[in-house]
Amino acid sequence: SKSHLTYGARARTHPNPLARRLFEVAEAKQSNVTVSADVTTTQELLDLADRLGPYIAVIKTHIDILSDFSSETITGLQALASKHNFLIFEDRKFIDIGNTVQKQYHGGALRISEWAHIINCAVLPGEGIVQALAQTAQAPDFPHGPERGLLILAEMTSKGSLATGAYTAASVDYARNYPSFVLGFVSTRSLGEAEGTTVAPSEEEDFVVFTTGVNLSSKGDKLGQQYQTPQSAIGRGADFIIAGRGIYAAPDAVDAARQYQQQGWAAYLARVQ
Ligand code: 6AU
């Protein structure tokens, strides 16, 4: 893995334009924090995005949990993404046959392809889900292709997760087969040397690892979520740490965001030394 290199170095050499942009944003803002803004109204979402914007590299949405989603949600979010220079990750976790996920991604009520730089999917349906999403994002008549990328959900943080072993190895194989669209993984550690992969790595392979389940003050919740600290996640290979309740449910969300930013950046600096 290239995780011992700086974000700046990886931005200069990465073959994928959106990965380059991600690393440039991280370097420019000295932040590897993705805030998981799991709030349920547009006003709360835009308010969080504006207040936390200076301290984050990426905002992660679950757009379908908003009770009042409208086109104003999206124009507001896009304006704040430009104002604060962060990217948008819609945590839709696509998981269906190719024909269905194309319709869920492009068009429909949520028009995810128009505004989400990053999406994720699970590979339970097989490699075809990756192929289908890539086909939509990279269609000749789709104008945002170079600014769209996929993270494969290769592992999960919930207790008893079944995304392990051969399933995780298959996630790596599929990522290797679609290097112009797959940025990397949502996983708890860097992947690539995983046993059981069948596709050989290319020399330029540089998967981007997003690790969720990051929290400074809790070990888990009552529904099976399991947490680790920014230091632990980054030590295991996370390039971006995702924190939700640890930030937005803290007594002072801005203060918490700065704290995750500081600790995430210090752990990154220690890793690349
Ligand atoms: O920090 P939390 O526990 O408040 O929120 C964690 C966020 C939630 C989950 O839907 C998401 O991260 N998540 C994911 C993602 C990002 O795909 C995968 C996973 O294994 N665990 C997990 O919590 O929005």
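Things to note:
- In terms of overall dimensions, the chain has a Cα radius of gyration and Dmax of 17.2, 47 angstrom.
- Close amide H pairs (under 5 Å, H built 1.01 Å from N) link F207 with K2, residues at least 5 positions away or on another chain.
- E114 accessible area, assembled protein chains, probe 1.4 Å, Å²: 80
- What the Cβ-Cβ distance of H144 and Q43 gives, at R0 = 41 Å and to the nearest 0.05, is a FRET efficiency of 0.95.
- 3J(HN,Hα) couplings calculated from phi for segment 239-256 with the Karplus curve 6.51 cos²θ - 1.76 cosθ + 1.60 (θ = phi - 60°) are, in sequence order, 9, 10, 9, 10, 10, x, 4, x, 9, 6, 9, 6, x, 10, 5, 5, 4, 5 Hz; Gly and Pro show x.
- 15 Å reach of a label modelled at S202, 7 Å along Cα-to-Cβ, counting backbone N of segment 3-25: 13-20
- Here segment 87-172 is assigned +1 on the Cβ of each Lys and Arg and -1 on the Cβ of each Asp and Glu. Its dipole about the Cα centre then comes out at about 180 debye.
- Calculated [θ] (222 nm, deg cm²/dmol) that DSSP helices of n ≥ 4 give over the chain, each run adding -39,500 (n - 2.57): -12000 deg cm²/dmol
- Using a cut-off of 23 Å between Cα atoms, the listed pairs K29/K222; K29/K83; K93/K159; K29/K103; K60/K83; K2/K219 include K29/K222; K29/K103; K2/K219 as exceeding that distance.
- Here the contact order of segment 1-136, divided by its residue count and restricted to Cα pairs under 8 Å and six or more residues apart, works out to 18 percent.
- Charge dipole magnitude, Cβ of K and R +1, D and E -1 - segment 138-231, Cα centre, debye nearest 20: 580
- Phi-based couplings in Hz for segment 186-200 (Karplus 6.51, -1.76, 1.60; Gly and Pro marked x): 9, 7, 8, 6, 6, 10, x, 8, 4, 5, x, 6, 10, 9, 6
- Per-residue extension of 0.36 nm, minus the Cα-Cα distance of Q78 and A270, leaves a gain of 65.8 nm for this segment.
- The magnitude of the dipole of the chain, with charges of +1 and -1 set on the Cβ of Lys/Arg and Asp/Glu and taken from the Cα centre, is near 460 debye.
- Percent of alpha-carbon pairs separated by more than 23 Å within segment 145-273: 37
The values are calculated or read from the model by the stated rules, or taken from the named source; none is laboratory data. Remember, predicted model here, so these are calculated numbers, not experimental data. Reconstructed Cβ throughout: ideal geometry from the backbone, glycine too, with neighbour counts over all protein chains shown. Note: areas computed on protein heavy atoms with side chains; ligands, DNA, RNA excluded. Shrake-Rupley method; radii C 1.70, N 1.55, O 1.52, S 1.80 Å.
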